[in-house]
Amino acid sequence: MKLRKIAAAAAVAVLTVTMLAGCTTFDNFKEAFLQKEKSKDVTIQIGIYEPQSGADSKTAEDEIKGIELAHEVYPNVGGKIVELVYSDNSSDMDAAETAIQDLIAKNPEVILGSYGSVYSMIAGKYINDAKIPAIAITNDNPLVTKNYAYYFRVCYVDSNQGDLLARYVLDQKQETTAGVMLPSKDDVAMAMATTFINRIEAETENEDAITAYETYKPGQTDFTKQLKDIQASGVKSVLLPGDIADSANIVNQATDMGLDVMFLGPTDWSEKEFRSQLSTSVSKDHMAFVNFFSADDTINQESEKFLEAYHEKYGKDKEPKDGVALGYDAYLIAINAVNDAGDNPSGKDIRKVLAGAKEFQGASGSITFNNEGDPLRSAQISTWDGKKIVSTYTVDPY
């Protein structure tokens, strides 16, 4: 008996050494022998391509937070378990190329991300070649989806925000004239201003509807001349598509001069960084900006469900940022597309479902993708009331 035990132990030892000798590390051994591969028949893999380290990781947390919250609310779909697989692009353009290739090698059904348009643009060719659909969350650069049939996004590009703000001026404020004040040699600001101007001139059928058009140099500190010209024009709404620092400085100076004007800005104005640079004399009537989610205006059942889940996880005194709601919606759209694409769908099948999505009801509102993969969607026009963002108007897509 004793000899048999010794022989058995020796055999086990030899077998173990033999198996370990064929593996370069214990992790490889564990993966090869101790972990069973999950069957694609019972799981859906959603790839998360985000900067989890480096300079952009802090801001990217909102997108990841929204995705993970949606995963907690909807951990499975169509009888399948949803598994999140991550790839860190490290906030680095060189690392991003490796990260997207590593993620594609895991063969997820859909990829979400990345925060930072440049990382998504790096990934675009690889995603197209692999025919794996991807959904960007807060990327506002039009090149993310342009020429990449497999890339979609759930937020508006900057130029579209100009159109939304113009509709707010026309439909809600019932004004037929407006002004523009933008930084010189800024292509993004110009694109936003162009859609703003085009909408107002087309709706009013008046080529002279923009009665104040002012430019300034980025980093300029004195805007007295431009603001006096705006005051003299008599306009009540002025598009201000520059960066946060210049825009806050302009709004502050206009308030000090007593201008009865509302300045209109992009989603960047929803950041606390912008609010912190405004003087205490700036009121909620001095500004309005595009915002994709407002806790004060839950517009459908999904936004209520999202807010309830967010408060349960992070506290009732916490309010989610746009990026969290958009990340939540990107996940929902992804798993619904996989489910609607049928049994064992290919990337091409899932992409076809995404391209045909009509009025998908997410936490941030209704989303329909156009031919470029960009959304025709609802958005909030909001303002800062003290230290709190409040919604003043909902712009529906048309």
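All of the numbers you see were taken from the coordinates with simple rules; none came from a lab. Note that this is a predicted model, so its numbers are computed, not measured. Glycine also receives a Cβ, built like all others from the backbone with ideal geometry; neighbour counts cover every protein chain displayed.
Annotations for the structure displayed:
- Lysine-lysine proximity count for region 159-291, Cα under 25 Å, sequence distance 8 or more or distinct chains: 16
- Residue order, fewest to most beta carbons within 10 Å, for His311, His71: His311, His71
- Region 222-366: proportion of alpha-carbon pairs further apart than 26 angstrom, %: 46 percent
- Mean separation of Cα contacts under 8 Å (6+ apart) over length of region 246-289, as relative contact order %: 56 percent
- Under-5 Å amide H pairs with Ile44, H placed in peptide plane, nonlocal only: Ile81, Val82, Glu83
- Taking every DSSP bridge with both residues inside the chain, close to 40 percent are antiparallel.
- Other residues lying with their Cβ under 10 Å from the Cβ of Ala134 contribute a combined charge of +2, Lys and Arg counting +1, Asp and Glu -1.
- Net charge of Cβ neighbours under 9 Å - reference Ser87; Lys, Arg +1; Asp, Glu -1: -2
- Among the GluC sites (Glu not before Pro) in region 264-313, those placed in a DSSP loop whose Cβ has at most 15 other Cβ atoms within 10 Å are Glu271.
- Taking all Cα pairs closer than 8 Å and separated by 6 or more residues, the relative contact order of the chain comes to 16 percent.
- Rg over Rh for the chain works out to 1.10, both radii taken from alpha-carbon positions and Rh defined as the Kirkwood radius.
- Computed over region 159-291, the P(r) curve from all C-alpha pair distances, binned at 10 Å from the origin, holds 13, 49, 34, 3 percent per bin.
- Cα shape, region 156-231, gyration tensor, a/c 1.5 rule: oblate
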